[in-house]
Amino acid sequence: MSSELVTLTIDDRQVSVPKGTGLVEAAQVARVEIPVFCYEPRLGPPVGACRMCLVEIEGAPKLQAGCTLTAGEGMVVRSAATSAKAAEGQQATLEFILVNHPLDCPVCDKGGECPLQDLTFRYGPGNTRMAFPKLTFDKPIPVSPLIALDRERCILCYRCTRFSDEVAEDGQLVARNRGARTEIATFEDEPYRSPFSGNVVELCPVGALTSSLYRFDARPWDIQNVPTVCTACPVGCNVSATIREGKVRRILSRNHPEVDRGWLCDKGRFTYPHLRANDRITAPLRRIPRGLSEVSWDEALDSAEEMLREAEGAVVTALSGSETMEIAYGLGRLLRAGLGANSAVLPEATSDTLGAFRLPLSAIAEAELVVVVGDDPVVERAPIVDLWLKEARRRGAELVVCSPSGSVQTPPGEAARLCQSLAQQRNPLGRRLRAAERVVLVWSGPGGGGGARVAELAHALGFEEKPGCGAFHLPATPNGRGVALAWSAAGDKDEANPQPIKVLVVSGDEAAADPSVRALAEDSERVIAITMFHQLVAGWADLVLPATACLERDGTSMNLEGRVQRLRRAVPPPCPDELAWISKLGDRLGVDIPAHASRVFADLAEHVFRDLGLDDIGDRAPLPGRKPFEAPAPGTASATAAPPAAEEHFVGALHLQRYRPLFSGPAVERIRELEFQRPPFEVELARRDAERRRIATGDRVLVRSNGTSVELRARVNRKLVEGVARIAEEHAADLHPSVEVVKA
Amino acid sequence: MPSTELFLAGTEDHDLRRLSEYREVGGYAALEKARAMEPQAVMGEITGATLRGRGGAGFPMGRKASLLAKNTGKPTYLVVNADESEPGAFKDRDVMGLTPHRLLEGCLITAHGIESTDVFIYIRGEYLHEYDVLVAALEEARTAALLGDVTIVIHRGAGAYICGEETGLLESLEGSRGQPRPRPPFPPVDGLYGAPTQINNVSTIALVPKILELGAGEFAKIGVPSAPGTAVFSLSGNVARPGNYERPLGTTLRELIYDLGGGVADGRELKAIIPGGSSVPVLTPDEIDTPMDYDSIQAAGSFFGSAAIMVIDDRVCMVQLALRAAQFYMHESCGKCTPCRVGTRWLVQLLTKIEVGEAERRDLDLLDDVCDKMLGKSLCALGDFAVYPVSSYLRKYRSEFEAHLGGAGCPLAGISPIEGIFAPVSQHAGHAEVAHVV
């Protein structure tokens, strides 16, 4: 869009808008509504299908579809408000749409928040002249376990197919047949399996695509929507949680144009029922000879106090990275100030030096060149970033993905070395990175030093001087940055783990599920776990305090951009929240920790964010400005890409690449409808590696390492680099890094 | 009077499917002439000849070419619309089947004129014979090194009327679902694969060699000044001698139907004339002296369309005829935009109700109003094409529609020879639904 302005008249109002502005948007500037169904600028070029936006344009003999036009100099436009012809046209469109649309609004999930209802009310005919039987279709059709399709309600606006085609680029939703019998379908009626499928439910302007988790759950007039932030991954998409009778019923997007552009992944959208999982812990538990037994809060706090005091500081805290900054700070204050216990297992670190190359995620779409390094596909770590990358590519950016299955096949563990070579003058790609004005670097993979490495590269390429160039690190945890920051703000000493560990405090379900934390627990005399689910702690925790979910918390979280966003309590937790008992334990240990997130934040903000108040964050948090570059502390360098241990390397072995799929983790595991999205029991092999072993896709194979063996199905992945066996973390069991794969 | 002047010239005594015989009647001389000229000069001839598009709309070809975007960094494409599917139309079939080289020569001259090296001929899938003829001719031309640096691709459609709409054709040619695109942007700016694209009908392009041969001035003397040249008129329906007849534009319907076609078959009375294919408004017998050229026929309230003249005699029920047309357009509606997708089906339901005698007067008013609500509101012209026959039959033969009402049913049911007019549409949705309505 250019800075040149054009002036046009809409319903006798003159407005000036940048050249290239769509007529619908130009009308908005003139405070005129041009109603639409199919038009949705986020879905690519307009299609002009629904004909709701008909307007009269001076000089054109016929009514025109406003959505397909851009504002032109001197254009004279009349909407239904001032043109009888346009009003008649829009009424005709609505009459046609309603000819076959069932009037089952009283039992339709969309009823009450339905654009078709609303626009019929404002522009439609008051009655129907259609006296013939309406078209009927089989319904509802499960497009997937998550989405139900009612083809009778469908008005064929093609928003869903365009999303599938032009945003998610999965091409799975299609229109088939033609004319009145046109229908939306998935190709070959396979389930719509895409990390982003739920967006089509929200895009649907009628009740044709509904969430099978929300169907018949609530009426729009007896729900409340609470604005909060998703913490399923480090993107931090802005969401609304729909509440009815104290329960979360669905998650909707709350479009933060810089962060998510109104898209959510299915993990963020559909995992909310885990709040009501059967094995949710709602009361403290203490170990008894056989299992765990519920105890009162007073008893629990007594035990906790006693265990912590007896440890005399020999306490290690394992944090998940999913805590709010307030909880992390509260725990930090409690254990560091209260007990002098400073050692912690922190989530995968993101370097603060990235602050010098900060950009909003939306800047990715503007980039001309994007380089992704790291072993994990972006979609598994930060799904919405994947959509931004796709948009960048659609807009003409070159996307270079250096990963085991990327456009530039790179063996695992090479990312840090790659960054170093890109920083060198003679590297051809590096030269282009230096020359371009809008470059984005992304580190997507394990290796604690990723943030620092990519920041060093950005520094070497001179990105501080280029406002269009930036760097991102995609951490493994949603709020790892915020948690590390809050923990460090709560004390200033770093200590190695005490020997022996008298008490291990495990904060959160991710930490509790982490094998390395479990290993630490073996070496600890006692374990206090703070978790949501029974299954995770049965057998190894001495004291379990119930955790809350993010939808139950007030507080703040820092996303991968470094944006501090606000969580709001959508529903009350089934137990006192973390801050409540942290505050009480604080009283006992002589540390003053407020029980309210806002007061904890004020305290924390004073230490780490000068001048940042909750009001400044608001509903759509701003991105802080860039900070001057500081070279990463030398200590972090050692954390880089420790090359995979070459232990027990034997000839013909493959390197086991474990990855954590997007659809994994304690919340996902508790949603039956998400089962189909979880990774199949398979091992991916490069074509040559498979051929050498005479393995074909679908074969049962044994993956073996040093006495351990797992049986999986093989899949030949033509994009995968040779020498790698790729297995989802949850199926890799305790296989060692070097494996052999043979036919079962 | 010669029945062939331009399109079919030479077909009386030559098999113009063969390159050698086409050369005997002067074939490919125009190409040689054109290639010796500057491209602008070639287009100057076409513009000077006021060659109007024979596909239906009559838009001057030269002016269309002048809209082609320049300096886009993309190639310019020439696309020939050979997806002739309008009920009643079969002119392009003979042009391709009898004089394939004339079309190819026209393509090559036009490609030179618009500086394109890529030509696509999108041919109706059912025209298998014509496809074979065209492919063989192309092979001959290629072997004779006539193509130069031009690539001509002949692409078969898969049976959708909508792919004769230029943007639907482009979508289909690109491999997508055949559905029209919103316009603007227009194909000369953003056409095939997003590149500037010239799209013309077979019969338009096939006239190009003759323009070069005769020169714009001589060509303009044929036909009428507003639309020079000839057209191949396809006579069908209740006419004694159906078939293709090439005549200059401006020839009257009377001359075409009576002098060439031998008048109404079986000595019946003329009841109606559909002058340009099933999609255009009907004319009544008193309009028989209307000259067949774009402007005259438009002044009479109809369209030149595809020059497919259907003769309707007094045994034909106009409601049945409207229903037949409506069924065709319902079947062919692509389903992309609301008024056409929904309206075409509603028209079929209403016409069925009228035909079987279950309708009341208010249903006629509703039919008229549904037509009105559809007209001019669809994404492409198909929505309008579905309306023109229905609304014009209703307006001009209202008493016949009224005779069906109130349980009366069709007064002509026993004798209406509608099968001869255009073929019934067998369609999955249509029949079942009509039966359901009945």
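The values are calculated or read from the model by the stated rules, or taken from the named source; none is laboratory data. Remember, it's a predicted structure, so these values are computed and weren't measured experimentally. So basically every Cβ, Gly included, is an ideal-geometry build from the backbone, and we count neighbours across all protein chains shown.
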- Message: Suppose we filter A:SER211, A:SER240, A:SER253 for residues that are over 24 Å from A:ALA621 (Cβ atoms), in the same structural domain as A:PHE137 (by TED's automatic domain parsing) and among the polar types (S, T, N, Q); which single one remains?
- Response: A:SER211
- Note on the structure: When (1) in a loop (DSSP other than H, G, I, E, B); (2) surrounded by 21 or more Cβ atoms within 10 Å (Cβ to Cβ); (3) within 14 Å of another protein chain (Cβ to nearest Cβ) are applied to B:THR167, the one that fails is (1)
- Note on the structure: Apart from one, (1) in contact with a helix residue (DSSP H, G or I) (Cβ under 9 Å, 6 or more places away or on another chain); (2) crowded, with 24+ Cβ neighbours inside 10 Å; (3) over 20 Å from A:ARG626 (Cβ atoms) all hold for A:GLN420; the odd one out is (2)
- Consider A:GLN64 against the criteria (1) within 8 Å of chain B (Cβ to nearest Cβ); (2) without any contact (Cβ under 8 Å) to a residue 12 or more places away in the chain; (3) in contact with a Leu (Cβ under 8 Å, 6 or more places away or on another chain): it satisfies all of them except one. Which criterion is unmet? (1)
- Item | Subset of the stretch A:584-607 that is in contact with a Gly (Cβ under 8 Å, 6 or more places away or on another chain) and not aliphatic (A, V, I, L, M) - its residue that is farthest from A:ALA486 (Cα to Cα) | A:GLY590
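Every residue, every condition in (1) surrounded by fewer than 22 Cβ atoms within 10 Å (Cβ to Cβ); (2) at negative phi; (3) out of contact with any Ser or Thr (no Cβ under 9 Å at 6 or more places or on another chain); (4) modelled with pLDDT of 95 or more, yes or no:
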| site | (1), (2), (3), (4) |
| --- | --- |
| A:GLY480 | no, yes, no, no |
| A:ALA490 | no, yes, yes, no |
| A:GLN535 | yes, yes, yes, no |
| A:PRO546 | no, yes, no, yes |
- Message: So, in the stretch B:22-60, exactly how many residues are within 28 Å of B:SER279 (Cα to Cα) and of a type in the set (D, E, K, R)?
- Response: 2
- Among the residues of the stretch A:474-501, which ones are among the polar types (S, T, N, Q) and within 18 Å of A:ILE327 (Cβ to Cβ)? A:THR477, A:ASN479, A:SER488
- Quick count over the stretch B:349-394, residues being within 11 Å of chain A (Cβ to nearest Cβ), farther than 25 Å from A:GLN90 by Cβ and charged (D, E, K, R), is 3
- Message: I'd like to know if the stretch B:71-80 contains one or more residues that are assigned by TED's automatic domain parsing to the domain that holds B:ARG142, among the charged types (D, E, K, R), under 21 Å from B:PRO275 (Cβ atoms) and part of a loop (DSSP other than H, G, I, E, B).
- Response: no
- Query: Do the conditions hold for A:PRO102, that is, is it closer than 19 Å to B:GLN349 by Cβ, part of a loop (DSSP other than H, G, I, E, B) and more than 13 Å from every other protein chain (Cβ to nearest Cβ)?
  - Reply: yes
- Could you say whether any residue in the stretch A:182-204 is in contact with a Ser or Thr (Cβ under 8 Å, 6 or more places away or on another chain), within 13 Å of chain B (Cβ to nearest Cβ) and closer than 24 Å to A:CYS53 by Cβ? yes
- Task: Confirm whether B:ARG181 is free of Cβ contacts under 8 Å to residues at least 40 places away in the same chain, within 14 Å of another protein chain (Cβ to nearest Cβ) and among the basic types (Lys, Arg).
- Result: yes
- Query: Taking into account only those residues within the stretch A:162-181 that are out of contact with any Gly (no Cβ under 9 Å at 6 or more places or on another chain) and buried (at least 20 other Cβ atoms within 10 Å of the Cβ), which is farthest from the other protein chains (Cβ to nearest Cβ)?
  - Reply: A:ALA168
- Message: Please go through (1) out of contact with any strand residue (DSSP E or B) (no Cβ under 9 Å at 6 or more places or on another chain); (2) under 27 Å from B:SER234 (Cα atoms); (3) hydrophobic (A, V, I, L, M, F, W, C) for B:LEU103 and return the number of the only condition it doesn't satisfy.
- Response: (1)
- Please work out which residue is farthest from the other protein chains (Cβ to nearest Cβ), limiting yourself to the stretch A:26-53 and to residues that are in a helix (DSSP H, G or I) and buried (at least 24 other Cβ atoms within 10 Å of the Cβ). A:ALA27
- Of the conditions (1) away from chain B (no Cβ under 14 Å); (2) of a type outside the set (Lys, Arg); (3) within 29 Å of A:LEU252 (Cα to Cα), A:PHE137 fails just one. Which one is it? (1)
- With respect to A:PHE196, is the statement that it is crowded, with 22+ Cβ neighbours inside 10 Å and assigned by TED's automatic domain parsing to the domain that holds A:VAL239 true? yes
- Within the stretch B:340-396, the residues that are in contact with a Cys (Cβ under 9 Å, 6 or more places away or on another chain), among the small types (Gly, Ala, Ser) and within 28 Å of A:CYS38 (Cβ to Cβ) are B:GLY343, B:SER378, B:GLY383, B:ALA386, B:SER391
- Item | Within the stretch A:269-357, strands (runs of 3 or more DSSP E) holding 3 or more residues that are crowded, with 24+ Cβ neighbours inside 10 Å and in contact (Cβ under 8 Å) with a residue 60 or more places away in the chain | A:315-319
- Those residues of the stretch B:153-162 which are within 11 Å of chain A (Cβ to nearest Cβ) and surrounded by 17 or more Cβ atoms within 10 Å (Cβ to Cβ), in sequence order: B:ALA160, B:TYR161, B:ILE162
- So A:LEU702, is it touching a residue at least 40 places away in the same chain (Cβ under 8 Å) and surrounded by 17 or more Cβ atoms within 10 Å (Cβ to Cβ): no
- Task: Determine if the stretch A:194-204 includes at least one residue that is within 25 Å of A:LEU551 (Cβ to Cβ), in contact (Cβ under 8 Å) with a residue 60 or more places away in the chain and of a type in the set (Val, Ile, Thr).
- Result: no
- For A:ILE10, the lone unmet condition from (1) farther than 27 Å from A:PHE121 by Cβ; (2) surrounded by 14 or more Cβ atoms within 10 Å (Cβ to Cβ) is (1)
- Pairing a residue in the stretch B:372-397 that is under 19 Å from B:TYR161 (Cα atoms) with any residue that is at pLDDT 95 or above and aromatic (Phe, Trp, Tyr), where Cβ atoms lie under 6 Å and the two sit 6 or more apart in sequence or on different chains, gives B:ALA386/B:TYR329
- Could you say which residue among A:LEU712, A:LEU656, A:LEU662 is more than 21 Å from A:THR410 (Cα to Cα), touching a residue at least 24 places away in the same chain (Cβ under 8 Å) and assigned to a strand (DSSP E or B)? A:LEU712
- Filtered residues of the stretch B:265-310 (kept if outside any loop (DSSP other than H, G, I, E, B) and at pLDDT below 95): B:ALA265, B:ASP266, B:GLY267
- Message: Looking only at the stretch B:294-315, filter to residues that are crowded, with 24+ Cβ neighbours inside 10 Å and over 14 Å from the mean Cα position of the chain (by Cα); which one of those is nearest to B:HIS404 (Cα to Cα)?
- Response: B:ILE312
